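The structure appears below as structure tokens.
The values are calculated or read from the model by the stated rules, or taken from the named source; none is laboratory data. Quick caveat: nothing in here was measured; it's all calculated off a predicted structure. Cβ sites come from the backbone with ideal geometry, for glycine too, and all protein chains shown count toward neighbours. Areas reflect the complete protein model, heavy atoms only, side chains present, ligands, DNA and RNA absent. Shrake-Rupley method; radii C 1.70, N 1.55, O 1.52, S 1.80 Å.
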Amino acid sequence: MSVVIAQESGKKAAAEPPWMKDSAAKLERELSGNYGEAARPRLQRGLKQVAEFWRAEDGDAAGFEAFVRESFAGDPKTLDALFARMESAMESLDGHMLEINRDFRKQSDLDIGPIYFFDETLAGYDPSAHVADDFFENKLAFAVLLNYPVTGLSQRLAEGEKWSRRQWAETRLAERFSKRVPASVNLAIGKAASEAEQYISEYNIWMHHLVDDKGNRLFPPKLRLLSHWNLRDEIKADYGAGDAKNGLAKQRTIARVCERIVTQTIPDSVVNNPQVDWNPFTNDVRPTADKDSDFPAPAGRKTGNAPEPDTRYAMLLGTYRAARLADPYSPTAPTMIARRFDENRQIPEARVKKMLEDVLSSPLAPRVAKLIEKRLGRKLEPFDIWYAGFKPRGAYTEAQLDEIVRKRYPTPEAYKKDIPNLLVQLGFSKEKAEFLASNIVVDPARGSGHAMGAQRRGDQAHLRTRVEKEGMNYKGFNIAVHEMGHNVEQTFSLNEIDHTLLQGVPNTAFTEALAFVFQARDLELLGLPKPDAQARALETLNDFWGTFEIGGVALVDMGVWHWMYDHPDATPAQLKEGTLQIARDVWNKYYAPIFGQKDVTLLAIYSHMINSFLYLPDYPIGHMIAFQIKQQMDKTGQVGPEFERMTTAGNIAPDLWMKNATGFPVGPEALLAETEKALTQVK
Ligand SMILES: [Zn+2]
């Protein structure tokens, strides 16, 4: 309760102890006397950083003064020793925590037998949950804050280019302690996130129960689609050969369903309920005349066609209200918006917005739209933001590819054994390939696959891949190659880096882009001809159109978070109106001129918007970064050495990383240039 009050009154998390000013001034005089005037700026900064987080329970004036006298590393030798010790300690801590977590999750993550209730408990346990609290309690966090600079994004952008690698590592060390969020706040955030997650994960539409005016059903029995992923993917699947007769009618129906969800005019009783039939155009609801499932009507929902009571926006509001509880404890990034852009992405929001607008207002968009109209043989409709017809038809069918892959990789071990060979084909030297392979463990995944890097040298990266009983199929191979790209990035950026505090990449878009470099070469790795210029051009147009779509979605997500911060006391109904207005505005500005229809709200359908705390801008940024890296790889021809050179830069500012990798800062130029070229190539 007190936390909420502190936030709403806009005050700092905890008032500075009354003695702090005097104590700090006294220490500054005393210690700059001891260590010389040159130490004074560092002292001032350190004292300010410690004072920011010092609470009454950390000690009184005498305790604070004793701590500072003992912990200020006034001479270079002590400062170096503290840095080295913390770097090594953090690597060990992170690395071992990750190992414990990986071991605890093993039964849940891997396809190695039944999951018991205790396996679920083990998987849910986070051994590092109390680490941050411990480090403030034993004052190691304060020792770091006293001696190394906490920098905000703007400072890193302004000065970072001139910093040494050691300076970058120091600021990453200090950044770890740049917030002190109470456990109760983290708990509240976790609770809101899991409630929203739960809401999203049960939001199914039973498709056979969508009927038109004549009672016709377009979709087969038992088909249950999760909003928004499955609904969107069904629209994509209905292009072309999917369903020539009813494809368009299906797409229009799904688009109407999406609008009903976004506007919350969807009847409450039709969500996740196969016991009623629903006409999404008239909104008429009746008991089903065609039972295809025993799945019961969800308990507690109103029957009839009373609308869903803005639950979608109540969930979103819940995540916002929880997220902002952390604001007062995060002085360098005091809003969720700042934490996403300044900390997670490390690109200022204004830059991201500009990059998105550059794509959305590009003159290439209407040209690509014209081409789509030509291919469809009709005018565009709003759901064509999900047009999926640029996929090239390969020389081999999926069944033929399955056959080839199955023979090569009957087991995960067979894939593991082939890794050095695959890496040599990608242009890594034999020695490098062996080194990388020895750092990658292959596990049988329960899901489709993922890559889990190590965080301390001496541990290995894990490639989780799905191998069916009859052997690996093509889809599994395609994913395994993608995950292997992650593993190689993870191995280089941990084992070949000068400072482990800089391990990794600037943000997730970078590791995804690097993984795509591998994935795009999967056919070559099977010894098959690589995609021709025509196929590559189609692929580029597909990516452009995908970026054009998700860029608008991202702008809506950003707009909505600002709206929530501007209207902290809004009701779910007000948030709904705010969201719809933002979605319409973005649509009207960038899409209506191309689609010839105004006030469409489809851009607000993404489920991430409800439960993922402003995550969506990652997708379009990812596409742009992928094109920059791809362009560089194509230019040099050889993947191996370029990949290694790029990945050993580590977690520095994204623009610095990208300038080192390609000569240019992060931006949409590569994507736009490749699209322009592709437009001239596609027949
Ligand atoms: Zn990935």
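Okay, here's what the table says:
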quantity	calculated
FRET E, pair LYS659, GLU159, Förster distance 22 Å, beta-carbon r, rounded to 0.05	0.90
Overall dimensions of the stretch 132-185 as given by Cα atoms, namely Rg and Dmax in Å	12.6, 40
Probe 1.4 Å, all protein chains present, accessible-area order of ILE100, ILE582, ILE610, largest first	ILE100, ILE582, ILE610
Translational diffusion of the stretch 339-445, µm² s⁻¹ [Kirkwood Rh, Cα pairs; Stokes-Einstein; 20 °C; 1.002 mPa s]	111
Residues ARG367 and ARG69, FRET efficiency given R0 of 60 Å [Cβ-Cβ distance, rounded to 0.05]	0.30
Cα-based radius of gyration of the stretch 371-501 once divided by 2.2 N^0.38 Å, which approximates compact folds	1.35
Cα pair distances exceeding 21 angstrom across the stretch 41-135, given as percent	56
FRET E, pair HIS130, HIS96, Förster distance 22 Å, beta-carbon r, rounded to 0.05	0.90
Only Lys, Arg (+1) and Asp, Glu (-1) charged, at Cβ; the chain dipole about Cα centre in debye	1420
Solvent accessible area, Å² - HIS462, 1.4 Å probe, full protein context	20
Protein accessible area in the stretch 228-374, 1.4 Å probe - carbon and sulfur %	55
J(HN,Hα) series, the stretch 269-286, from Karplus relation 6.51 cos²θ - 1.76 cosθ + 1.60, nearest Hz, glycine and proline x	6, 9, 6, 6, 9, x, 8, 10, 9, 9, 9, x, 7, 8, 6, 6, 10, 9
Inter-probe distance in nm under a simple model that places probes 7 Å from Cα toward Cβ, at SER293 and SER88	5.8
Cα extents of the stretch 127-252 along the three principal axes, largest first (Å)	74, 37, 23
Kirkwood Rh in Å, taken over the chain so that all alpha-carbon pairs contribute	27.8
Long pairs among LYS139/LYS191; LYS106/LYS191; LYS245/LYS576, criterion Cα-Cα beyond 27 Å	LYS139/LYS191; LYS245/LYS576
Long-range HN-HN contacts of ALA445 with modeled amide H, under 5 Å	ASP111, THR465, ARG466, VAL467
Over the stretch 582-683: Kirkwood hydrodynamic radius from C-alpha pairwise inverse distances, Å	16.4
Accessible area (Å², 1.4 Å probe, nearest 10) - TRP206	20
Apportionment of accessible area to carbon and sulfur, the stretch 30-78, percent (1.4 Å)	54
Neighbour cut-off at most 13 other Cβ (10 Å), DSSP loop, trypsin sites (Lys or Arg not before Pro), the stretch 169-264	LYS214, LYS222, LYS245
Lys/Arg +1, Asp/Glu -1 at C-beta; the stretch 405-519 dipole; positive extreme among ASN439, GLY476, PHE518	GLY476
THR288, THR579, THR680, ranked by accessible area, largest first (probe 1.4 Å)	THR680, THR288, THR579
With Cα atoms, 0 to 90° folded angle of helix 533-566 axis to the chain main axis	60
Accessible area of LEU679 in the full protein assembly, 1.4 Å probe (Å², nearest 10)	30
Heavy-atom accessible area order for ARG339, ARG85, ARG584, largest first, 1.4 Å probe	ARG85, ARG584, ARG339
Cα centroid separation - the stretch 582-638 against the stretch 654-683, whole Å	16
Accessible area per residue, Å², the chain with all protein chains present, probe 1.4 Å	44
Simple Cβ-charge dipole of the stretch 334-461, Lys/Arg +1 and Asp/Glu -1, about Cα centre, in debye nearest 20	340
Over 19 Å (Cα to Cα) - which of LYS475/LYS530; LYS236/LYS354; LYS630/LYS659 fall in this group	LYS236/LYS354
Mean residue ellipticity (222 nm) of the chain, computed from DSSP H runs ≥ 4 via -39,500 (n - 2.57), nearest 500	-18000 deg cm²/dmol
